[in-house]
Amino acid sequence: MKLTSDPTNDPTNDLLPRARGGDGDAFRDLTEPHRRELQVHCYRMLGSFQDAEDALQDTLLSAWQGLSAYEERASLRTWLYRIATNRCLNARRAADRRPAAPWSFGEYQPPEPTRIGEVVWLEPYPDTYLGAVVPGPDARYEQSESMSLAFVTALQTLPPRQVAVLILRDVLGFPAAEVAGMLDATLESVNSALKRARAGLARREPAGEPEPAPGSPEESALVARFVAAYEAADLDAVIALLTDDAFMSMPPIPLEYVGRAPVARFCASLFSSGRRFRLVPTRANLRPAFGTYVVGPDGSGQAAGLITLTLATDGISALTRFDTGVLASFGLPRTIDLD
């Protein structure tokens with residue numbers, strides 16, 4: 001969704017007065033151009049697609065109920081971001097995050113993890129819900145970087161207000177004075193929060209390696225090799241694709257594996273269980289992803305979860321496995337026919 005001019009800035013547009021008069025269709029026409037970017041904003045703040053959708057609905061309801069208070073001193077887009085940001089801040093402060101889930105794969109037992117993850121509520125974001133938003137001149141991140149699972153995970157470890165300031169300033173490029181107005185804060189406090197957030201993010205987010213361009217021959221070749229190796233349970237071929245610092249996680253299960261050898265041990269234990277998988281391609285967080293299905297004796301495939309890949313120029317640098325609860329957001333079924 002390419003960002004267009006705010007309809008409230010057009011003097012010939014009667015959507016705003018009609019919406020203030022109770023016209024629901026006019027309100028939807030007024031807010032629809034901003035819907036997807038607001039959902040992405042909520043996702044970055046909350047780390048969960050489900051929670052982002054809840055926050056978006058809360059934002060739109062609050063905007064509808066409070067439209068009479070909109071004084072047009074800022075654009076409607078800025079006003080909506082103000083509401084969405086504060087709804088997300090309330091959610092981060094008040095809600096109990098979903099707890100870690102126990103291992104639930106029966107007789108198959110994973111190897112000892114490298115460490116226990118702390119952001120177990122993380123969910124992937126389907127590319128089909130993304131829109132292309134042109135950020136302001138102060139933005140420091142490209143959309144692909146700011147949608148990466150590593151970036152979104154690192155955001156969840158920062159204090160809520162720092163997260164809000166960093167996203168509004170460095171990802172969306174809103175001017176500092178405008179951010180101060182959104183958060184009812186002083187310019188000095190916004191600049192201080194941004195400085196602390198940048199420092200905290202630098203400590204938590206791993207240094208990014210160059211990634212193949214989406215849809216490029218390099219990306220397609222790596223993905224094809226991964227699919228062939230994984231579906232064949234070819235452990236050596238999977239290991240050959242991993243970078244030295246490869247990383248694997250599986251929220252809401254907190255187990256994490258860091259380095260080629262630990263990830264290889266996990267894959268070895270997975271394949272040794274005798275199960276075979278079929279992968280159905282999709283995309284999440286602007287990166288390759290796959291619905292995974294266990295091949296059954298009756299020729300059907302039973303959903304086992306979703307895997308996302310982070311690629312480097314020389315291989316796969318991260319694999320993230322999510323449970324079956326996220327499949328519906330990607331339009332993927334619980335069962336597929338493999339015949």
By the mean-Cβ-within-10 Å protection proxy, highest first, 25-32, 244-251 rank as 244-251, 25-32
Among D298, D127, D138, the residue with the largest mean-square fluctuation in a Gaussian network model of the chain built from Cα contacts under 10 Å is D298
Taking Cα atoms, the helix 24-46 axis meets the longest principal axis of the chain at an angle in degrees (rounded to 10) of 50 degrees
Under the rule rounded for a/c under 1.5, else prolate if a/b exceeds b/c, else oblate, using alpha carbon gyration tensor axes a ≥ b ≥ c, the stretch 158-203 is classed as prolate
Computed over the chain: longest principal axis from alpha-carbon atoms vs helix 217-231 long axis, angle to nearest 10 degrees, is 50 degrees
Each label sits 7 Å from Cα toward the beta-carbon; between I336 and E53 the label points are separated, in nm, by 2.1 nm
Here the stretch 289-296 yields Karplus 3J(HN,Hα) values (6.51, -1.76, 1.60; θ = phi - 60°; whole Hz; Gly and Pro given as x) of 8, 8, x, 9, 10, 7, 6, x
A correct Stokes-Einstein calculation for the stretch 217-337, using the alpha-carbon Kirkwood radius, 20 °C and 1.002 mPa s, returns a whole-number D in µm² s⁻¹ of 148 µm²/s
Under Stokes-Einstein, the stretch 61-156 at 10 °C and 1.306 mPa s, with its Kirkwood radius over C-alpha pairs, diffuses with a coefficient in µm²/s of 90 µm²/s
Log entry: pair-distance distribution for the stretch 1-95, C-alpha pairs binned every 10 Å from zero, whole % per bin is 16, 50, 28, 6, 0
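Based on the alpha-carbon set only, what is the convex hull volume of the chain divided per residue, in Å³?
On the way: hull volume 50.8 nm³, N = 339.
Hull volume normalised by residue count: 150 Å³.
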quick note, the stretch 207-325, DSSP beta bridge pairs, % antiparallel (nearest 5) is 85 percent
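Every number in this text was worked out from the coordinates using simple rules, so none of it is lab data. Just so it is clear, the model here is predicted, and its values are computed rather than measured. Ideal geometry is used to build each Cβ from the backbone, glycine not excepted, and the neighbour counts take in all protein chains shown.
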